[in-house]
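What follows is one structure encoded as structure tokens, with my remarks underneath.
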Amino acid sequence: MQSLEDLLVDLDVDAKLQHVIHSILSASKEISFRVGMGAISGVHGAAETENVQGETQKKLDIISNQILLDILAKNPYVRSVASEEEDLPVACKSGAPYLVAYDPLDGSSNIDINGQIGTIFTILPAKDNVEDGAVEQYYQTGHDQVCAGYVLYGPATILLIAVQGEIHEFTLDKINKEFYQTKANVSLPHGTREFAINMANYHYWSEFYQKTITGLIKPESQDKTYNMRWNGAMVGDVHRVLTRGGVFLYPSDTKNPAQPAKLRLLYEAFPMAMLVEAAGGKANTEDGSIMQTELSELHQRVPVLIGDGDLVSRFMQS
Ligand code: AHG
Ligand code: MN
Ligand code: MN
């Protein structure tokens with residue numbers, strides 16, 4: 001079986017970028033180990049703190065963030081890191097070529113129920129005309145990403161990585177502590193009648209979204225209705241979409257007028273869009289391509305519609 005290191009060499013990935021990817025994955029192995037030990041390793045429960053976005057942090061949010069930060073801060077090729085759990089970017093090695101942004105622990109509400117959780121990451125080129133630790137370093141589009149991926153801590157720990165226009169799946173061998181390739185050139189299956197959306201927000205969606213979802217489940221409107229799945233962790237939902245097809249949707253809603261969209265562009269939407277598009281799917285906000293959107297605020301939130309291109313198009317109003 002091919003190891004990740006071998007694949008990166010075969011793909012002729014820049015050696016410095018390989019080093020950065022290696023650091024992220026070393027951290028993910030440590031997180032995977034802690035997750036696997038569950039309550040014994042003291043990772044369950046709330047931390048009684050809030051992040052900059054006003055969300056209550058779980059102990060594992062903080063621990064995962066620290067593990068990534070500690071490892072990446074030592075990497076000579078990382079200029080700065082941005083995290084869901086950090087108000088501002090953390091400057092690392094001055095003049096280094098890469099930026100790393102991450103959601104250290106996606107699906108926090110699944111931690112205590114032993115459900116699917118993960119780490120989502122993206123790597124961008126650093127800008128030489130901007131201060132090392134400045135937020136403006138990250139004001140780039142999805143197309144600027146040089147690598148993106150997620151590590152899903154499920155029954156198996158699985159890595160999906162997009163680099164050089166390709167997407168590959170690896171599974172962590174927990175004995176040898178190595179990621180081995182389990183799927184090459186992942187391709188999103190088309191035609192699967194499955195959608196993922198938080199139906200509890202139904203009454204807060206636009207009429208267009210209410211009608212389009214109703215159209216998928218109304219027996220009289222089609223031969224076969226759609227099935228629904230909702231993990232409460234984007235990383236699990238997107239992994240299912242990449243594996244089995246369908247669509248993942250988090251549209252805008254009016255539940256909290258101060259926050260019309262939930263998912264973050266930099267470390268949730270950008271990396272998932274890069275992965276899904278590399279697998280032949282589509283990734284949009286309600287206005288157009290996620291990849292073409294330019295970040296203008298570090299923790300900016302956007303509506304997210306990703307998966308099978310035909311299904312994503314059905315949810316685009318124009
Ligand atoms: P996080 O745990 O990093 O804050 O992200 C949770 C996100 C995403 O993973 C998931 O799809 C969504 O929030 C779940 O939202 P609901 O609470 O509406 O189910
Ligand atoms: Mn998240
Ligand atoms: Mn998170």
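The values are calculated or read from the model by the stated rules, or taken from the named source; none is laboratory data. The shown structure was predicted, so the numbers you read here are calculated from the model rather than taken from an experiment. All Cβ positions, glycine included, derive from the backbone under ideal geometry; neighbour counts span all protein chains shown. Ligands, DNA and RNA are stripped out before the accessible areas are found, and what is left, the full protein with its side chains, is counted by its heavy atoms. Shrake-Rupley method; radii C 1.70, N 1.55, O 1.52, S 1.80 Å.
In region 82-100, the residue that is most open to solvent (accessible area, probe 1.4 Å) out of those that are more than 16 Å from ligand 1 (Cβ to nearest atom) and within 16 Å of Y139 (Cα to Cα) is L88. Name the residue that is surrounded by the fewest Cβ atoms within 10 Å (Cβ to Cβ), counting only residues in region 280-294 that are charged (D, E, K, R) and in a loop (DSSP other than H, G, I, E, B). The qualifying residue surrounded by the fewest Cβ atoms within 10 Å (Cβ to Cβ) is D287.
A quick yes/no check of all residues on (1) on the phi < 0 side of the Ramachandran plot; (2) touching a helix residue (DSSP H, G or I) at 6+ places or on another chain (Cβ under 8 Å); (3) within 16 Å of ligand 2 (Cβ to nearest atom):
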position	(1), (2), (3)
S108	yes, yes, yes
A126	yes, yes, no
V130	yes, yes, no
E136	yes, no, no
H168	yes, yes, no
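Once region 108-138 is narrowed to residues that are surrounded by 24 or more Cβ atoms within 10 Å (Cβ to Cβ) and within 12 Å of ligand 1 (Cβ to nearest atom), the residue that is nearest to the chain's Cα centre (by Cα) is I120.
Pairing each residue of region 116-145 that is among the basic types (K, R) with any residue that is open to solvent by 40 Å² or more (accessible area, probe 1.4 Å), provided the two are 6+ apart or on different chains, yields C-beta distances under 8 Å for K127/E136. Mind checking which residues of region 239-265 are within 11 Å of ligand 2 (Cβ to nearest atom) and within 23 Å of G280 (Cα to Cα)? Residues satisfying the conditions are Y250, L263, R264. For region 9-53, a tally of residues being in contact (Cβ under 8 Å) with a residue 40 or more places away in the chain and over 23 Å from the mean Cα position of the chain (by Cα) returns 1.
Annotation for region 94-109: at least one member residue is over 22 Å from A148 (Cβ atoms) and either touching a residue at least 40 places away in the same chain (Cβ under 8 Å) or within 12 Å of ligand 3 (Cβ to nearest atom) (or both).
The residue of region 230-250 that is nearest to L105 (Cα to Cα), among those that are of a type in the set (V, I, T), open to solvent by less than 10 Å² (accessible area, probe 1.4 Å) and more than 10 Å from ligand 1 (Cβ to nearest atom), is V241.
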